[in-house]
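Visitor: Take a look at this one; I'll ask things after.
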Amino acid sequence: MGGSRLAGLAAVILGLVPTAARAWGGLGHRAVALIAEHRLSPKAEEQVQRLLGPSYRLADIATCADDIKRRGERCGPFVLKAAPRSKSWHFIDIPIQASPTAATLKRYCVSHGRSDQCCPEQVREDLATLKDPAASTRDKQMALMYLVHFVGDLHQPLHNADDGDHGGNAKLVWFLQSKRSHKKTNLHHIWDNMLVKDSQLKKFRPDAFAAELERRITPSEAQAWTRGDVVSEAALESFQIAKTRIYPAYDPDTRLSVPYQQELQPIALEQVAKAGVRLAYLLDGCWP
């Protein structure tokens with residue numbers, strides 16, 4: 001998406017939100033799902049609705065994968081058991097000094113010395129399940145639930161990079177001025193909540209936010225974002241944002257303030273928009 005178009009939307013949001021305007025959070029993940037839903041082919045829309053039932057939308061399952069990391073939940077149409085083993089599926093730890101390519105991504109899908117279903121690999125597995133005519137309806141429902149969330153995670157830069165700090169979780173930092181600013185947060189938390197944390201934007205309806213983002217997506221951008229291996233491309237793009245923009249701006253002794261927010265929020269907004277476009281593209285490919 002063009003930088004000026006995103007900067008314009010960021011300015012609108014910053015004007016609405018006097019404190020933090022921080023994606024992804026519930027708002028960001030639901031926006032990804034809503035953008036995708038609006039762009040689905042008729043056949044994919046029919047199949048998605050068949051899996052969800054008549055009363056639910058993709059946005060209703062967009063945060064389920066986070067909800068079940070620690071405990072069982074009723075989420076959308078599903079009654080789900082706790083899935084602690086899924087925690088590592090939300091990210092891929094690419095060392096910040098690395099120079100990954102699509103061909104080398106899989107080498108970073110390792111946990112405690114063993115192969116692991118990191119985020120890009122899990123996305124591919126979920127897509128395979130949705131395409132598999134022999135897979136059960138329940139397996140397809142779970143694959144859809146995870147896919148909607150993981151495509152969003154794949155576009156969160158600090159879910160794709162690591163500086164020996166668990167993707168920014170171990171880098172403490174001051175962020176903006178607020179009533180709670182006496183306490184540091186961490187770099188990953190800032191980016192996990194780039195749209196909603198401690199913000200008036202919590203009141204922003206996901207439908208309206210998604211519609212505003214989608215209105216600014218040009219056909220040429222959507223076409224560019226869906227060329228080639230979009231799963232690898234998303235992970236590599238996110239890694240580069242972390243490597244070249246997020247980590248260089250980190251200073252444990254400096255408060256990240258409004259200029260930081262103004263510079264990087266357009267990036268966050270574009271990542272959410274890309275995730276929505278790519279999720280639709282991937283789902284369309286499951287039911288061509």
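Visitor: How do 245-252, 29-36 rank on mean C-beta neighbours within 10 Å, highest first?
Guide: Result, highest mean Cβ count within 10 Å first: 29-36, 245-252.
Visitor: Next up: Order these peptides, 130-141, 157-168, by their mean beta-carbon neighbour count within 10 angstrom, highest first.
Guide: Per-residue Cβ counts within 10 Å, averaged per peptide and sorted highest first, yield 157-168, 130-141.
Visitor: Moving on to the next point. Order of 143-149, 233-239 by packing, highest average Cβ count within 10 Å first?
Guide: Highest-to-lowest ranking by the protection proxy: 143-149, 233-239.
Visitor: Next question. State the extension gain, in nm to one decimal, for the chain segment bounded by Asp229 and Glu46, taking 0.36 nm per residue of separation less the distance between their alpha-carbons.
Guide: Between Asp229 and Glu46, full extension yields an extra 63.4 nm.
Visitor: Between Arg216 and Arg245, what is the FRET efficiency for a Förster distance of 25 Å, r being their Cβ-Cβ separation, to the nearest 0.05?
Guide: 0.75
Visitor: Give me the number: length gained by fully extending Asp253 to Ala135, i.e. 0.36 nm times residue separation minus the C-alpha to C-alpha distance, one decimal in nm.
Guide: Using 0.36 nm per residue and subtracting the Cα-Cα distance, I get 37.3 nm.
Coordinate-derived values only; no laboratory data. It should be emphasised that the depicted structure is a prediction, and the values quoted were computed from it without experimental measurement. Ideal geometry is used to build each Cβ from the backbone, glycine not excepted, and the neighbour counts take in all protein chains shown.
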